[in-house]
Amino acid sequence: MNLKLFFVTSNLSCRKAIKWLDENNISYEEKNLTTTPITAEEIQEILALTNDGTDEIISSKSNILNKLKLDMDSLSLPQLYEVIIKNPGVLQLPIIHDERRLQVGYNDEDIRQFLPRWFKLSQLKKILAPFEPEIRS
């Protein structure tokens with residue numbers, strides 16, 4: 001699994017995501033958008049995983065978006081990419097994804113989707129262990 005994390009250090013949700021991934025020993029490729037700009041290709045990868053397109057990744061509460069006074073729906077894709085690259089603060093962060101799954105923002109329950117299958121099974125066995133004699137009866 002090639003997990004990618006897009007974040008800024010000043011964002012509490014981003015720091016929570018980093019902490020959770022580290023505590024659960026999940027390896028990831030990190031991209032600090034404060035120091036390294038996101039690329040058009042990376043934006044395309046993220047958008048390909050969304051259900052709601054740009055509505056899912058753009059923060060409607062962004063101060064930057066309000067200052068720019070842009071109608072995001074009227075932008076062409078190249079224009080959108082340019083806005084995001086120059087103003088990563090318009091993104092709802094953190095953005096975590098692999099080849100199949102996407103999480104935008106931090107949510108304690110949703111982030112568990114990135115736990116490896118073997119880990120989920122071992123947790124389930126621990127939960128069911130006290131009931132095992134009942135199950136076999």
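Laboratory data are not the source of any read-out in this text; all were calculated from the coordinates shown. This is a predicted model, so every value here is computed, not measured. Note: ideal-geometry Cβ built from the backbone for every residue, glycine included; neighbour counts use all protein chains shown.
Arrange the following residues from fewest to most other Cβ atoms within 10 Å of their Cβ: SER60, SER13.
Fewest to most other Cβ atoms nearby, the residues stand as SER60, SER13.
Pairs LYS4/LYS86; LYS19/LYS67; LYS4/LYS69; LYS16/LYS67: which are spaced more than 26 Å apart, C-alpha to C-alpha?
LYS19/LYS67; LYS4/LYS69; LYS16/LYS67
For the range 1-33, which chymotrypsin sites (Phe, Trp or Tyr not before Pro) are in a loop by DSSP, counting at most 12 other Cβ atoms within 10 Å?
Answer in residue order: no site qualifies.
At 7 Å along the Cα-to-beta-carbon direction for both ILE64 and TRP118, put a label point, then send me their distance in nm to one decimal.
The answer from the label model is 3.9 nm.
Each label point is 7 Å from the Cα along the Cα-to-Cβ direction; what then is the distance between the points at ASP73 and LYS4, in nm?
If labels sit at ASP73 and LYS4, their model points lie 2.8 nm apart.
May I ask you to list the lysines whose Cα is less than 17 Å away from that of LYS126, ignoring any residue fewer than eight positions away on the same chain?
none
Tell me which residues come under 5 Å, amide H to amide H, from LEU49 once H is placed; ignore anything under 5 positions away on its chain.
Amide H neighbours of LEU49, under 5 Å, 5+ apart: none.
Given that just one value was derived from the coordinates, which of [x] 1.10; [y] 1.08; [z] 0.93 is Rg/Rh (Cα atoms, Kirkwood Rh)?
Answer label, from the structure shown: [x].
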